[in-house]
Structures are given as structure tokens and as C-alpha cells.
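Worksheet for the structure shown next.
Rule-based calculations on the coordinates, nothing more; no lab input. Only a predicted model underlies this, so the values are computations on that prediction, with no experimental measurement involved. We place every Cβ from the backbone using ideal geometry, glycine too, and count neighbours over all the protein chains shown.
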Amino acid sequence: MIVGAVGVLAFGGVTACADDSSTESDSGSTSALPSNPATGDPVKIGFITPEGGAVSLPMVREGGEAAVEYLNNNGGGIGGHKVDLIVCTQQEEPASATNCANQMVEQGVSAVVSPLGAQGAVMLPIVTGAGIPFIAQAPVSQVEMMSPNSYMLSGGIVSILGGQAATAAKDGVKKVALFVGDSGDAASSLGMVGNPIFQQAGVELEIVTIPNAVADPTPQITAGLASNPDAVSIVGDTRLCTSAIKALQSVAPDVQKYLIASCLDAAVVDSTGVDAIAGAKAFTTVVLDSDEPTVELYKSVMAEYAPDTDLKGLGYLGYQVMMSLGEVGKSLTGPVTPESFKTALSTAKDVPMPAAPGLTFTCDGTAVPVLTALCSKSILVSTVESDGTLSETVPVNT
């Protein structure tokens, strides 16, 4: 099962304009937005997000809502139709997730978006059982990766591990130690997914489990370093990232680090210090340190419609999925129904991922043939500079 491996990542936390007028915000260059309001009849899109419980990520909703404001006011909607976003918050437990899925069916939405969350295996059967497509930015469960009418715009842990293996092979790294929390079957699942990926790249992978209850993982980190790996990877939430990076800085400050978005979160960097991550390789599906038009558009939309949302947080997840639907929806004509949406998604080829220059998605089941719901296996690989920015970003398609 892949459920546990990706579940530890679920709560990680990281075009054209109308004229040439630009401003500088705290997050970089922004531009005036075009005027292209949607005029068609509203289309209902369900949006389910973790909020209000032990795990609460309002920025994901804020990013999605900002994208919808852009689509409705500036981007021509979805197939010309105004988006009526039906938001339901779930508390990362089955009861509230089930309630949200049932609400979407009752509301008669044309598609359900759940940018991230660990309850996909609960919600997806209800949603797709009613003939409604289920769309996420990254998969968390095996159900999401393989079910019909499930569309995962990125490859999640498959893309991350593939990118790390490819990077290690390119850089001459022979062995990688991967540190992961002991939630559920996370370690065994990562081994099942990661070992064949790394073996194919000619790189040895050692998985080291860190108990979640451990405040200082220095003993586990030290044990993992005993076999002299050339690089280390951390797969977990911000808490694990913080404690593991601090331990590495104490016992092996010069070891090459492979970091996912959660380990680049502002709270982690504030706690560890930027020196602790400088020189690391970053594996993400968004890049903010870029002047590419798609990144500038993200900053501009958020500045206009969600100015209080931290761009360094996870708001991009909601934004990417909703903006992707807007792009896929350009092929829609006439009334937007679940069936027409499924057709549009299934025939989408090489669609650019918003705010991720170089990444595309194709949802015809060919990206990862054994995991037919994955629409991509690519990842952005960057170098973390001494000021914490990302540079030398390249897309890696494994």
C-alpha cells in the first residue's frame, strides 16, 4: 500500500497581462490582470479542504478562491462559464470527509476538487460513484492513484522519489538515507515505492524511521549516517523537518540534503536558520523565485484576491488545481456536466502546471501506466541559495 508513504506528505508545508504596468510587492513582481469576465451560466465545482480540525490549512482554500475570482473576473471562467465554488471543510477524519463528499453529490457539482488531504480514500468512492470526477493536486491514497474518474495532476511521492533518484544518479551519489516518521505504514510503503525507483537509477536507498514521539531525533539521525550515505532525504511534516534538520546541522552539517516543500516552509527555516538548508536540493511543484509569466500571474492573482495569504505557504495547491481546471475547461463547449468534464480531463495533454514552469500534466493514464490516475511524474529540482531562495530550477521527468 502507498497510503502511508504519501500521507506523511499530505500536510507538507511548497500569463499574459493586460498591459505593461508592474509593481513590486513583498513577494516580487506583479502585473495588472486582464479583463475577461465569464459570461456563461454558472458551473458548480466542489472544493473540499482540511480546515477547522487538528489539521487546518485555510491557505489552501484561500488560494483556490483567489483562482476562482481570477477565472470569473479576468480569465473567462471555465469554458466561458462562471464558477460557483461549493466549499466544504473536513477535519481530516472520516465522518466530516464523508459529509463533505455527500454534500457534493447532493449539490450536483460537475467536478470535485480536493487539493490535498488524507481522506481521499473515504471521499473518492462516494464522489465517483455518483459519476463525478475527483481531482487533486497530489495523491495521498492508492485509491486516488488507481481509480477510474480520479485525476491527480502531479505524481506526489512517486514524482518526489523519482526526482531524487534521478538527481542522485546525475550527481554521482551512490547511497541516499531517507528519514521518515513512523506514522502507520509510512516506512514500508516508502520502501515499496522507493526501492525499485532508486535501484533503476543505480542508487542505494536506506530508509530510517524516526518515532513521531521523539523530540530530538539525533540518535536516529546518527544511526542513519553510520553507513556513510552521500545524501539524506527527509519525508515528513514541518515538525519532523525542523527536528531532523537541526540534528543534521549538529552531527553532519555538510551532508547533501534533499528537501521537500514541508522542509522549506517559512516556519522551518525560521527555526533552523537558513544556513542549515543552504546548498540543499529542493523538490517541489511550485517556484516563486522566477520571473516566468506563470509565476508572475500567481503572485498577481494572490496580491489582488488574497493579499493576506503568505505566498510561501500552501495556498498554491488550491490555486494550481482551480487554474488547471480553467485551462482544461477551454476545450468545453455547451453545458458543463460531469461527463463533459471527465472527457476534457481524460483528453488533456501536456497542459502547463500553473506557477510551475516546465511541469505539465497529461491525464490519459499514460504518465505512470500502473497508476493510471497520475497525470504527471515530473518534479521541479532547485538549489537552495544562502538566502533561502531557489535557483537553477529544472524540471525532471522520470
Between Rg and the Kirkwood Rh of region 212-281, both from Cα atoms, what is the Rg to Rh ratio?
0.92
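Rounded to the nearest 5, what % of the DSSP beta bridges within the chain are antiparallel ones?
Values: 17 of 54 bridges.
Around 30 percent of the beta bridges assigned by DSSP in the chain are antiparallel ones.
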When averaged across all projection directions, what area in nm² does the alpha-carbon convex hull of region 193-328 cover?
10.5
Taking a quarter of the surface of the convex hull around the Cα atoms of the chain, what do you get in nm²?
17.4
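How do the peptides 384-394, 256-266 rank, highest first, by the average count of neighbouring beta carbon atoms within 10 Å per residue? Each step should come with its number before you reach the end.
Numbers: 384-394: 14.8, 256-266: 23.5.
Packing order, densest peptide first, comes out as 256-266, 384-394.
Evaluate the charge dipole of region 235-290 about its Cα centre and quote only its size in Debye, nearest 20, assuming +1 on the Cβ of each Lys and Arg and -1 on the Cβ of each Asp and Glu. Present the calculation step by step, with values, prior to reporting the outcome.
Working: 4 positive and 6 negative charges, 33 e Å.
Once rounded to the nearest 20, the dipole reads 160 debye.
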Size descriptor, Kirkwood hydrodynamic radius, that averages inverse alpha-carbon separations across region 156-226, Å:
12.7
If you split all Cα-Cα distances of region 102-190 into 10 Å bins from zero, what percentages do you get per bin, shortest first?
15, 38, 26, 15, 5, 1
Neighbour net charge for VAL83 - beta-carbon separation under 15 angstrom, K R +1, D E -1:
-1
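Could you work out the equivalent-ellipsoid semi-axes for region 244-398, taking the square root of 5 times each eigenvalue of the Cα gyration tensor, largest first, in whole Å? Provide the component values of the computation, followed by the final result.
Working: eigenvalues 219, 70, 30 Å².
So the equivalent ellipsoid measures 33, 19, 12 Å along its semi-axes.
Anything over 29 Å Cα to Cα? Flag those among LYS257/LYS349; LYS342/LYS377; LYS174/LYS312; LYS281/LYS377, in the order listed.
Working: LYS257/LYS349 33 Å; LYS342/LYS377 21 Å; LYS174/LYS312 32 Å; LYS281/LYS377 18 Å.
The pairs that break the limit, which is 29 Å between Cα atoms, are LYS257/LYS349; LYS174/LYS312.
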Mind checking the log10 I(q)/I(0) for region 312-398 at q = 0.19, 0.24, 0.26 Å⁻¹? Debye, one equal scatterer per Cα, no solvent, two decimals.
-0.94, -1.25, -1.34
Separation of the THR218 and GLN200 label points, Cα + 7 Å toward Cβ, nm
4.0
